[in-house]
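Remarks on the structure that follows.
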Ligand code: AMP
Ligand code: MG
């Protein structure tokens, strides 16, 4: 199949709407990462997403809408809890995904057989225009080959999926650069399953106490069931082996272990002290720029064929929690704690 590279102009968006209505697959920009979209109400179209990405069938998809009213209009949920309505008022459109009991319009392919569904209203104007042009909600996971770093440019999508999908719409770089925060609204005390651009503190300021799932910061124990199936896989990984290095003597450790095949993934403040190729994600205090740069940098490390990356373990305040959550999965939970050796 030839993959069309389209722009954000009106004619191209109209064409994308037609492709989606007839069951096709389209890479679309959002403020988090690029999504691979299909008609969420068409099980067969949605099955195509799993095939194109090589995504395990037990990992459910997020349904994208272009208006809060779409939740009820398309019968996407069987219950829209009060706390979810409050969060929708405050954070939609934006990088927050809420899990609710699924409605009868949701095919099994979307929810991967669960009795819940994940819903998000993206803030990106082109994503909204594409959803409106399709006239239906769109199921969309990240538009990468399953397991690789998520795509934050149209070129990343083309690298992974050229020839496997109908089209990609180029909307430039994604603003946030990491996937949405996922929170389940099913329990009385809602629980974050995946951290993202909207932080726990922001959510608590609207609905009070919430929980954070153990799997956000820790590896699941063998046999333990993941509340969010996506959190159980090694994920977001470049081909290079990534090791997270924890401790203030990070730069000394990397310099001692330097080699031509070793790269560092670090803060701006570390870069000039390092004697290996250093990829800086931003200032230590600037978690937004770290989030923005992470996936593109992991892809760049692969394009330069490094074999081993010592990544500085990020601080977990605010959006830093999301950066940490992605990096520890990119590392397959391999960590060196300098305070313990
Ligand atoms: P992605 O689309 O690649 O951003 O992945 C979507 C994330 O949302 C994955 O981690 C999924 O496991 C999670 N997710 C989607 N639907 C549900 C659901 N109904 N229950 C729990 N997690 C979900
Ligand atoms: Mg993904």
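Every number in this text was worked out from the coordinates using simple rules, so none of it is lab data. A quick note: this is a predicted structure, and the numbers were derived from the prediction, not measured. In this analysis, Cβ positions are derived from the backbone assuming ideal geometry, glycine residues included, and neighbour counts consider all displayed protein chains.
In degrees, nearest 10, range 0 to 90: what is the angle between the Cα axis of helix 287-303 and the longest Cα principal axis of the chain? So the inclination is approximately 80 degrees. Compute the helix-to-body angle for 125-134: its Cα long axis versus the longest principal axis of the chain, expressed 0 to 90° and rounded to tens. Its long axis makes an angle of about 40 degrees.
Build a GNM of the chain with springs between Cα atoms under 10 Å: which of 69, 247, 43 gets the top mean-square fluctuation? For the chain, modelled as a Gaussian network with Cα springs under 10 Å, the answer is 69.
Over segment 56-108, what is the mean sequence separation of C-alpha contacts under 8 Å (at least six apart), divided by residue count, expressed as relative contact order in percent?
Relative contact order, segment 56-108: 44 percent.
Segment 119-157 and segment 271-315 have Cα centres separated by 25 Å.
Once you've got the GNM for the chain with C-alpha springs shorter than 10 Å, pick whichever of 150, 228, 303 has the biggest mean-square fluctuation. Fluctuation is largest for 303.
For segment 62-214, what is the percent of antiparallel DSSP beta bridges, rounded to the nearest 5? If you can, show how the numbers build up before the last one.
On the way: 10 of 19 bridges.
Among the beta bridges of segment 62-214, antiparallel pairing accounts for roughly 55 percent.
Compared with the dominant Cα axis of the chain, that is its longest principal axis, helix 10-21 is turned about 80°.
Take every Cα pair under 8 Å whose residues are at least 6 apart in sequence, average their separation, divide by the length of the chain, and the relative contact order is 19 percent.
DSSP beta bridges in segment 54-143, what fraction antiparallel, as a percent rounded to 5? Working shown, then result.
On the way: 7 of 10 bridges.
For segment 54-143, the DSSP antiparallel bridge percentage is about 70.
Remark: 130, 99 ranked as 99, 130, counting other beta-carbon atoms within 10 Å and listing the fewest first. Among DSSP beta bridges whose residues both lie in the chain, state the antiparallel percentage, nearest 5. Of the beta bridges lying entirely in the chain, close to 35 percent run antiparallel. Between 121, 253, 279, the GNM of the chain built on Cα springs shorter than 10 angstrom shows 253 fluctuating the most. Once the Cβ-Cβ distance of residue 283 and residue 79 is raised to the sixth power relative to R0 = 30 Å, the FRET efficiency obtained is 0.10.
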